[in-house]
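The numbers here are math on the coordinates, done by the rules we state, and not lab data. If you're wondering where the values come from, they're calculated on a predicted model, not measured in any experiment. Using ideal geometry, Cβ is built from the backbone for each residue, glycine included, and neighbour counts are taken over all protein chains shown.
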Amino acid sequence: MYHSCVIKYASRHCGQASAILSQHKLGHPLDTPGLQTLVYKEGSAVKGVCIFGVADGYVYRLAVGKAYQRQGVGRALLHRAMFVLHDDYGVEEMSLNYQTDEARGYYANLGWVVDEASSCCRLKLT
Ligand SMILES: CC(C)(COP(=O)(O)OP(=O)(O)OC[C@H]1O[C@@H](n2cnc3c(N)ncnc32)[C@H](O)[C@@H]1OP(=O)(O)O)[C@@H](O)C(=O)NCCC(=O)NCCS
């Protein structure tokens with residue numbers, strides 16, 4: 001079941017979503033053709049953002065506001081991205097390149113297969 005707080009990005013989310021990326025010294029255009037952006041929004045607060053390619057399942061960004069970490073926001077965003085990719089686009093695998101040991105640990109904990117040689121994590125979508 002989808003988490004009801006996870007919705008498609010719209011331009012009204014731009015300020016808060018950009019601020020979350022900036023908190024983590026990340027940047028990325030939020031509305032790129034061929035990519036989909038999801039936000040986790042509760043009330044008026046955008047708490048997290050996930051940007052991924054709909055053709056290849058590559059996750060470009062996953063970031064959760066520092067005040068909202070460890071509350072299941074990242075998990076909910078990834079979960080919804082999995083279903084969008086598999087059900088709407090027929091994508092069979094998600095992948096990403098992690099930048100930090102913390103991120104590697106996070107994805108390993110969620111069941112992604114980690115390849116340390118390439119700093120790549122993969123998850124089969126079934
Ligand atoms: C990494 C990040 C996306 C995690 O999001 P989050 O919403 O805080 O994580 P969740 O609450 O969804 O955690 C899901 C599970 O992972 C665990 N977890 C969270 N952070 C973790 C970490 N750094 N290492 C290992 N496990 C972690 C949680 O305990 C939880 O497990 P549980 O359900 O068994 O308790 C977030 O901390 C973040 O934005 N970090 C900075 C940017 C970044 O590193 N992005 C990823 C790079 S691609």
Item to check | Residues located in the range 40-72, provided they are surrounded by fewer than 22 Cβ atoms within 10 Å (Cβ to Cβ) and more than 25 Å from SER119 (Cα to Cα) | outcome: LYS41, GLU42, GLY43, SER44, ALA45, ALA67, TYR68, GLN71
Next on the checklist: Restricting to the range 30-62, name every residue that is out of contact with any Ser or Thr (no Cβ under 9 Å at 6 or more places or on another chain) and of a type in the set (A, V, I, L, M).
Outcome noted: LEU35, LEU38, VAL39, ALA45, VAL46, VAL54, ALA55, LEU62
Next on the checklist: Step by step: first the residues of the range 1-52, then only those that are of a type in the set (S, T, N, Q) and touching a residue at least 12 places away in the same chain (Cβ under 8 Å), then the one that is farthest from GLN71 (Cα to Cα). Which residue is that?
Outcome noted: THR32
Next on the checklist: Return the pair list, or none, for Cβ contacts closer than 9 Å from residues in the range 63-75 that are closer than 20 Å to SER18 by Cα to residues that are charged (D, E, K, R) and within 6 Å of the ligand (Cβ to nearest atom), at least 6 apart or on different chains.
Outcome noted: VAL64/ARG70
Item to check | Selection from the range 73-113 of residues that are outside any helix (DSSP H, G or I), surrounded by fewer than 15 Cβ atoms within 10 Å (Cβ to Cβ) and within 12 Å of the ligand (Cβ to nearest atom) | outcome: ASN97, GLN99, THR100, LEU110, GLY111
Item to check | Residue satisfying all of: in the range 102-125; under 21 Å from VAL91 (Cα atoms) and among the basic types (Lys, Arg); nearest to the chain's Cα centre (by Cα) among these | outcome: ARG122
Next on the checklist: Criterion first (free of Cβ contacts under 8 Å to residues at least 60 places away in the same chain and in contact with a Gly (Cβ under 8 Å, 6 or more places away or on another chain)) does VAL114 satisfy it?
Outcome noted: no
Next on the checklist: The conditions are (1) part of a strand (DSSP E or B); (2) away from the ligand (no atom under 12 Å from the Cβ); (3) among the charged types (D, E, K, R); (4) closer than 19 Å to LYS124 by Cα, and LYS41 fails exactly one of them. Which is it?
Outcome noted: (4)
